[in-house]
Each structure stands twice: as structure tokens, then as C-alpha cells.
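In what follows, a single structure is set out as C-alpha cells and then discussed.
Only the coordinates and a few stated rules stand behind these numbers; no lab work does. These numbers come from a predicted model, not from an experiment. Every residue, glycine as well, gets a Cβ built from its backbone with ideal geometry; the counts of neighbours run over all protein chains shown.
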Amino acid sequence: METKNILIVDDDALIRAILKDMVSGINGFAVIGEAGDGLEGLEVSKQLVPDIVILDLIMPKMNGIQMAREIVKAGISSHLILCSTIKDEAMIEDAKASGITAFLKKPPVEEDIVSTLSSLL
């Protein structure tokens, strides 16, 4: 099985560290980069071209939905996972329309990450 490369984008360094630690323990996946805001995440996505981007919704400079739209427009990544506390149905529909392919609840739980990533293989 080919390793899937992942970029983690979240303005909370602790959440990035937790996600990186959890993903690193899953066979077949590797974290290749991190970013602390949406604009930086978009730039890093263009440079690294990850298979999967795990991104936050509310971030400085560019939110997760805007970032997802730009990634889809540029054809950078095939899977976008929104990691957020959102429960608002309209926001979820907007996220899906932007190209988000999966959702993770915050704070992230290892079994949810394993399940979500495995479903993308």
C-alpha cells in the first residue's frame, strides 16, 4: 500500500501536535507538513501537494471553507477533512459544497481519525 501524505492546518499548535501524533501511529499515512493559518496552509499545500489535508474551520487569514475552495480550484488534494466543533447544519452544508470530503470532531479522538482516514483509502 502506498503511503498517503497528510498536511495538518490548524491555528492551535496543541491540536496540530495531537493530530500529528495520532496520524503518525497509523500505518500507511505520513504527516508531511503543518501550517498555522489558512493562507499558510494553502501555500504549503501548493508546495507539498499532499494527498489529504486536515484543516480547521476557524483560522486567521483564511478560514477552512475558503481554503478548501482554493485547494479544490487548484486541484491540489483529493481529500479534505474538516476538524472542528461545528454543529450548525448550514455551515456543514457549506463545508461539503466547498469540497470537504470528511469531518472530525474536536478534540480529535484516535479511533475517529483511524476510521476517517481508513475510509479514504
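A compact table of results
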| read-out | value |
| --- | --- |
| I92 vs. criteria of a type in the set (A, V, I, L, M), within 26 Å of E111 (Cα to Cα) and surrounded by fewer than 17 Cβ atoms within 10 Å (Cβ to Cβ) | yes |
| Subset of the stretch 1-55 (residues that are touching a residue at least 12 places away in the same chain (Cβ under 8 Å), farther than 13 Å from L80 by Cβ, in a helix (DSSP H, G or I) and aliphatic (A, V, I, L, M)) | A13, I15, I18, L19, M22, V23, L39, V44, L48 |
| Residue count, the stretch 19-35 (criterion: surrounded by fewer than 19 Cβ atoms within 10 Å (Cβ to Cβ) and either under 13 Å from L57 (Cα atoms) or not charged (D, E, K, R) (or both)) | 8 |
| Close pairs from the stretch 108-121: first within 14 Å of I52 (Cα to Cα) and in contact (Cβ under 8 Å) with a residue 40 or more places away in the chain, partner of a type outside the set (D, E, K, R) and assigned to a helix (DSSP H, G or I), Cβ under 9 Å, at least 6 apart | I113/L19; I113/M22; I113/V23; V114/M22; L117/V23 |
| Per-region count, the stretch 95-121, residues surrounded by fewer than 13 Cβ atoms within 10 Å (Cβ to Cβ) and in a helix (DSSP H, G or I) | 5 |
| Matching option when the condition is of a type outside the set (F, W, Y), within 24 Å of L121 (Cβ to Cβ) and touching a strand residue (DSSP E or B) at 6+ places or on another chain (Cβ under 7 Å), among V72, V9, V49 | V9 |
| Some residue of the stretch 61-70 being touching a residue at least 24 places away in the same chain (Cβ under 8 Å), assigned to a helix (DSSP H, G or I) and of a type in the set (K, R) | yes |
